[in-house]
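Novice: First the structure, then my questions, so here it is.
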Amino acid sequence: MSLFKKLLGRKPKSLLSVVVDGKDVLSIDERELPIEARLAFPVTASSEIEFVEESGRTHTHALLGEAGFFHLSLRVYPNFAVQADGLLSASKNLPENALEKGEARGLRFQPFFIQKKGQKPPDLRGKGLFARGLHYNGIVTPSKIVLSAICDECEKAFQFTSFHSGFSDVAYFYSSSGKHTLAVSLQEPGAPSALAKPDDEALQLLERKLPSAPDASKYSYLNPFRCPHCRAAYIDFETYPEMRASEYYANVHIGQRLQQF
C-alpha cells in the first residue's frame with residue numbers, strides 16, 4: 001500500500017479514487033503510472049464500488065450481492081486506460097485457485113479512459129465486448145466471471161454472464177426486447193457458427209421457426225444486446241452488422257435464464 005495514499009479528511013486531487021460504500025479506500029496519482037493495485041476490503045450484499053476521476057466523473061457498479069471480502073485488482077496505464085476486476089470470497093485471505101475451486105466469484109468491470117485534457121479516447125458506443133475490453137482475443141473468459149457494463153445512454157451499470165458460443169456448438173439470438181437470449185444448436189439448418197458469415201436465406205428460414213421470447217418479443221440474429229434499464233442498444237448489431245460474426249460470446253442478463261431451441 002506504499003504507492004497509495006489512503007484518503008483521510010479532505011480529499012486530495014488525485015487522478016483516480018476508489019470508493020466503496022461511500023468510503024474512500026485508495027487514490028492513485030498520475031506520477032505513479034503505470035500501476036497495478038491489489039487490495040481486499042469487506043463488503044455487504046448491497047455494496048457498491050465507485051471509480052472517481054479527478055474531474056468528478058464517476059463509474060458506479062454494484063458488487064455481487066453477497067457479504068464477504070472483495071479482492072480488487074486495478075490497473076491504470078500511461079494512456080489513462082483503467083482496467084479493474086476482482087474476486088469475492090468469504091475470507092480476507094484468498095485461497096489459491098479460488099475461482100476454479102468454486103471458493104470465490106469473479107467480477108470484471110467495464111474498462112474506461114480517464115478524461116484528460118488533450119486526450120481523445122476511442123468512441124465505443126454500440127461496439128462489442130472485445131472493443132470495450134470486457135473480453136480479450138486469444139483468452140477465453142471463464143463463464144464463472146460476471147461482467148459489469150455501463151450503458152452508453154443512461155450510464156447505469158448492469159451485469160451479465162457470457163459463454164463462448166463456438167466452444168458450446170450453438171448459435172445465439174437476442175430478443176427484440178433485449179431481455180432474453182436463445183441458444184440454437186449448430187445442427188439446426190441455418191444456424192450460423194461463430195466467426196462465419198451466415199447464409200442469409202437459410203438464416204431467415206430459421207428465424208421464422210424460432211419461438212417467441214418469454215416476453216413475447218421476437219428473436220433475430222441482428223437484434224442488439226440491450227441495457228436492461230433503458231433498453232438502449234449496448235452491442236448494436238443493427239448499426240454495426242459487420243461485427244456480429246466476430247462477437248462469438250453470447251450474453252445472458254443476471255436474473256434471466258438462457259432459453260434453448
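Only the coordinates and a few stated rules stand behind these numbers; no lab work does. Every value quoted in this text rests on a predicted model; they were computed, and no experiment measured them. Neighbour counts are summed over all protein chains in view; Cβ atoms, including those assigned to glycine, are modelled from backbone coordinates with ideal geometry.
Novice: Determine which lysines satisfy two conditions relative to residue 156: a Cα distance under 20 Å, and not lying fewer than 8 residues away in the same chain.
Specialist: Within the straight-line limit of under 20 Å, residue 156 reaches these lysines: 127, 179.
Novice: Continuing with the same structure: Relative to the Cα centre, what is the charge dipole magnitude of the chain, using +1 at the beta carbon of each Lys and Arg, -1 at the beta carbon of each Asp and Glu, and rounding to the nearest 20 debye?
Specialist: Numbers: 31 positive and 30 negative charges, 146 e Å.
Roughly 700 debye, rounded to the nearest 20.
Novice: Of the candidates 202, 131, 81, which one comes out as most mobile in a Gaussian network treatment of the chain with C-alpha springs shorter than 10 Å?
Specialist: Comparing 202, 131, 81 in the GNM, the peak value goes to 202.
Novice: Let me ask something else. What are the radius of gyration and Dmax of segment 70-140, computed over its Cα atoms and given in Å?
Specialist: According to the Cα coordinates of segment 70-140, Rg and Dmax are 15.0, 45 Å.
Novice: If you place +1 on the Cβ of every Lys and Arg, -1 on the Cβ of every Asp and Glu, and leave all else neutral, what size is the dipole of segment 157-237 about its Cα centre, to the nearest 20 Debye? Write down the numbers at each step before the final one.
Specialist: Values: 7 positive and 8 negative charges, 64 e Å.
Computed about the Cα centre, the dipole is about 300 debye.
Novice: Cβ neighbours within 10 Å, averaged per peptide: list 98-111, 30-43, 221-234 in order, most packed at the top. Before the final figure, lay out each step's value.
Specialist: Details: 98-111: 17.4, 30-43: 14.6, 221-234: 19.4.
The peptides rank, most packed first, as 221-234, 98-111, 30-43.
Novice: Mind checking the dipole of segment 9-90: about its Cα centre, +1 per Lys or Arg Cβ, -1 per Asp or Glu Cβ, Debye to the nearest 20? Kindly include the intermediate steps, with their values, before the conclusion.
Specialist: Values: 8 positive and 12 negative charges, 38 e Å.
Rounded to the nearest 20 debye, it is 180 debye.
Novice: For residue 186 and residue 48, compute 0.36 nm times the residue count separating them, minus their Cα-Cα distance, and round to one decimal in nm. List each step's numbers first, then the result.
Specialist: On the way: separation 138, 0.36 × 138 = 49.68 nm, distance 3.96 nm.
The residue 186-residue 48 span can extend by a further 45.7 nm.
Novice: Find the centroid of the Cα atoms in segment 182-215 and in segment 77-148, then give the distance between the two in whole Å.
Specialist: About 30 Å separates the Cα centre of segment 182-215 from the one of segment 77-148.
Novice: Turning to a different aspect of this structure: Arranged from highest to lowest average of other beta-carbon atoms within 10 Å per residue, in what order do the peptides 118-124, 72-78 appear?
Specialist: Per-residue mean Cβ counts within 10 Å order the peptides as 72-78, 118-124.
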